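Just so it is clear, none of the values below were taken in a lab; they were calculated from the coordinates. If you're wondering where the values come from, they're calculated on a predicted model, not measured in any experiment. So basically every Cβ, Gly included, is an ideal-geometry build from the backbone, and we count neighbours across all protein chains shown.
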Amino acid sequence: MPSMNSDQLFGLAERILRAADVSSHEARIVAHELREANLVGHDSHGVMRLMQYAGNIKDGYIRPGAAFEVVREAAAYAVVNGNFNFGQVTANRSLELGIQKATSAGTATVVVRNCNHIGRLGSYAHKAAEQGLVCVMVANAPGPGGVAPYGGIERRLGTNPVTMAAPYGRGAVVLDMTTSATAEGKLRVAHQKGESVPEGMIIDGHGLPSTDPATYYGDPPGALLPLGGPLGFKGFGLAVMVDVLGGMLSGSGVCRTDLPRGANGVWMYLADPNAMMTRTAFDELMSTYVASIKSSQRLPGVDEILMPGEIELRRREERQRDGVVIPDETWRQLNVLAAELGCVIDDI
């Protein structure tokens, strides 16, 4: 299995996207998001997505260069139409707009419709926190999803992730989670590695528990389960409300048959702590809280209590140093894709 450093990951993604007739500006935005996902350990949202994106461009679902359109707005909100450009391009511009409004008005809400897969959700909340803002963000799947409702067998929901972030010290506390037991991309990674997945994540096409990711892609297809195991009704409930916020409130929709798997509707809320209290007071509260959590007496065998997002920061340090291993099957598919697009990647 090849190992790639940060620059190689970026170069790989950029080269393939440029070969797919994506502009240099947009290719760099998407390549950056894919590279960052790999670096923090979320390979499910990294360069393996290039095959999906290239196919969506070919099929007309992703429309590089499509206009970023603000449908309506006021001081503290905006409705954005991405017109099916890359999700990463639309989401980054929407976040920039939301940060401007929240900094001016104290809070801001931005919803996005007609948006393709935006990648790792936590990336955007983290950026907002680095700008000194608190951020809550959800993304729904207006098109086909892969998650069964609680008590059901058939796919009816997306993985419908939720992220929340707050500034802390020089960094941020970042929650980034799916409302399903796992992300579909993580199943894809396991499938390409020939590995099984833990019990309680998926069922096969007959509703039986499975640990083989191949059953998810089988005939009849399996489904992801809601987050929570025996308390899966909680993950299911969260997923439903993400569809309301990200799908219905944005106008992106639900239950659409004209979209590929992976399209997103987005809802984001940003708040400036300076509008609620002094930033110094907020920072003091965060420091006191984090110290309280980390000083808890630990279970046997537990060396340290980590805050949300801390494991990603450590993985990033490790992978910046040691590189990112690309599974053989992913590398094979990337080379096939590159050949189809008329570019070479084995010299990166």
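Structural remarks
- With a Förster radius of 41 Å applied to the C-beta separation of Thr288 and Tyr77, the computed FRET efficiency comes to 0.80.
- Length released on extending from Gln320 to Ser295, taking residue separation times 0.36 nm less the Cα-Cα span: 6.1 nm
- The Cβ shell under 15 Å around Tyr150 holds other residues with a net charge of +1, Lys and Arg each +1, Asp and Glu each -1.
- The chain: calculated mean residue ellipticity at 222 nm from DSSP helix runs of at least 4, using -39500 (n - 2.57): -12000 deg cm²/dmol
- Annotation: for a label point projected 7 angstrom from Cα along Cα→Cβ of Asp7, residues of the range 26-51 with backbone N closer than 17 Å are 32, 35-36.
- Rounded if a/c under 1.5, otherwise prolate or oblate - the chain, Cα gyration tensor axes: rounded
- For Lys127, the aspartates and glutamates whose Cα comes closer than 17 Å to its Cα, not counting residues fewer than 8 places off in the same chain, are Glu33, Glu36, Glu96, Asp176, Asp272, Glu310, Glu312.
- Oblate is the label for the range 153-267. Its Cα gyration tensor axes, ordered a ≥ b ≥ c, give a/c of at least 1.5 and b/c at or above a/b.
- Separation between Cα centres of the range 280-348 and the range 247-269, rounded to whole Å: 28 Å
- Rounded, prolate or oblate (a/c below 1.5 giving rounded, otherwise prolate when a/b exceeds b/c) for the range 204-348 by Cα gyration tensor: prolate
- The stretch between Ile305 and Glu195 holds 36.8 nm of extra length on full extension. This uses 0.36 nm per residue minus the Cα-Cα distance.
- Sorted peptide list for 222-228, 236-242, criterion being average Cβ within 10 angstrom, highest first: 222-228, 236-242
- Annotation for the range 108-126 versus the range 1-18: alpha-carbon center distance of 23 Å.
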